[in-house]
1. Expressed in whole Å with the largest first, what are the equivalent ellipsoid semi-axes of the chain derived from the C-alpha gyration tensor as the square root of 5 times each eigenvalue?
2. For Asn137, enumerate residues with amide H under 5 Å from its amide H, sequence gap 5+ or separate chain, H modeled in the peptide plane.
3. Hey, what's the range 1-158 come to in accessible area per residue, 1.4 Å probe, Å²?
4. So how far apart, in nm, are the two label points at Asn211 and Ala158 if each is 7 Å from Cα heading toward Cβ?
5. For the range 3-56, what % of the accessible area comes from carbon and sulfur atoms, probe 1.4 Å?
6. Quote the charge dipole size of the chain about the Cα centre in Debye, to the nearest 20; the model charges only the Cβ of Lys and Arg (+1) and of Asp and Glu (-1).
7. What order do you get for 114-123, 24-33 when each peptide is scored by the mean count of other beta carbon atoms within 10 Å, highest first?
8. Tell me the Rg and the Dmax, in Å, that the Cα atoms of the range 122-217 produce.
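The values are calculated or read from the model by the stated rules, or taken from the named source; none is laboratory data. Everything numeric in this text was worked out from a predicted model, so none of it was measured. Positions of Cβ are backbone-derived with ideal geometry, glycine not excepted, and every protein chain shown enters the neighbour counts. For the accessible areas, the whole protein counts, side chains as well, though only heavy atoms, and no ligand, DNA or RNA atoms are used. Shrake-Rupley method; radii C 1.70, N 1.55, O 1.52, S 1.80 Å.
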Amino acid sequence: MDLGIRGRKALVCAASRGLGRGCADALAAEGVDLTLVARSAGPLEEAAAAIRDAYGVQVSAVCADITTESGRAAALAACPDPDILVNNAGGPPPGDFRDWDRDDWVAAVDANMLTPILLIKSVVDGMLERGFGRIVNITSSAVKSPIPILGLSNGARAGLTGFVAGLARETVRGNVTINNLLPGPFATDRLKATIETVASQQQRPFDEVWNERMAQNPAGRFGNPAEFGQACAFLCGASAGYITGQNLLIDGGGVNLTL
Ligand code: NAP
């Protein structure tokens, strides 16, 4: 299926590894030129080179922390008028809310709510003027089914979700859509780190906890970043202009909601 976005420009945040990288690959496979953002230069340059080689698209790499004002400025300087924006950043740490002070909350809200909102603000009017825009925010299944130890994530992402629900219904008239993708467990470095922590807390082997978690999912496995990226690319397609303001779970059916 040709998604009709060949030659479009995408700014993909937090994209050297994991889910962001999956989105970058899938967009590049559709002929989209990319600007990728991540903090560590080495893996970012490697990802950019691999995508250029595999798909023959233009790829710029911006080494920056997207949760900072200077990081966002650098990303937008490299890609001032994207047709596609994929918002992503690392997730906040787990813990007990009694241990979190105001700074912890401000950091989570900054990274997982205000950063995507500020990037949307920077690009959405240009998209409307040009008559095409696709914005995808990577959030979490925790938006629909909050996870107690991820209180910082639950709170910050709920704020983004509420904001998007309003704006997405204003911009769709101008062929600019905004949707959220809600990952369940995906086999990425982040999930490995989480499971390493659980395994060490429970004094059990990593593989045992990893396999147990996979078996608990209705699909009997974790998701892989490539299939996440395909869903993102679909939402960015020319024919997806009637899909907006949605929160799409990609979780193997892990969250059981009837509606
Ligand atoms: P990951 O495998 O750890 O990859 C994170 C990517 O983002 C890396 O490329 C990293 O590169 C980059 N990054 C992180 N913080 C950044 C920042 N401040 N500025 C720029 N780049 C940044 O993580 P993931 O599993 O793909 O997760 C992506 C998002 O989905 C996170 O918010 C996570 O909480 C959420 N999520 C993931 C899962 C899952 O199972 N994987 C489930 C639910 C929600 P650098 O470190 O070099 O910056």
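1. Semi-axes from the Cα gyration tensor: 28, 20, 19 Å.
2. Sorted by chain and number, the residues that satisfy this are Asn87, Asn179, Asn180, Leu181.
3. 44 Å²
4. 3.8 nm
5. 44 percent
6. With Lys and Arg at +1 and Asp and Glu at -1, about 480 debye.
7. Details: 114-123: 20.0, 24-33: 23.7.
Highest-to-lowest ranking by the protection proxy: 24-33, 114-123.
8. Rg, Dmax (Cα atoms, Å): 18.0, 56.
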